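See below for the structure under consideration.
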Amino acid sequence: MTLETWTAFFGWMTVLNFVFLLAATLALTLFRPGVLSIHARVSNLSEDDLNRAYFSYLANYKVLALVTSFVPYLALKLI
């Protein structure tokens, strides 16, 4: 595979990861009462614990997306 192919691959992967991150953030923000009630019933966690879990999930996903897609894309663009 060529350098341009890898650059395009990591570029699109970055876009898709951040679109998913934005969608998850919007869903957890806009539909918080419904999501909290469903997850509280399923997991037997308090609302405070669920809020921490949501924040942790979004933070971890953002770091993972940066490390696995954006940083390789940036490195390939700099070559």
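Every number here is computed from the coordinates shown, using simple stated rules; none is lab data. Values in this document were obtained by computation on a predicted structure and should not be read as measured data. With ideal geometry, Cβ positions are generated from the backbone for all residues, glycine too; neighbour counts draw on all protein chains shown.
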Full extension between SER43 and PHE31 adds, at 0.36 nm per residue less the Cα distance, a length in nm of 2.5 nm
Between 0 and 90 degrees, rounded to the nearest ten: what's the tilt of helix 32-43 against the longest Cα principal axis of the chain? 80
Extension gain, ALA53 back to VAL15 (0.36 nm per residue minus Cα-Cα distance, nm): 11.2 nm
What's the angle, to the nearest 10 degrees (0 to 90), between helix 3-30's Cα axis and the longest principal axis of the chain? 20
Within the chain, helix-based [θ] at 222 nm, where runs of 4 or more DSSP H residues each add -39,500 (n - 2.57), nearest 500: -28500 deg cm²/dmol
Between helix 47-65 and the chain, what is the angle of the helix's C-alpha long axis to the longest principal axis, kept within 0 to 90° and rounded to the nearest 10? 0
Would you work out the charge dipole size for the chain about its Cα centre, treating the Cβ of every Lys and Arg as +1 and the Cβ of every Asp and Glu as -1, and quote it to the nearest 20 debye? 40
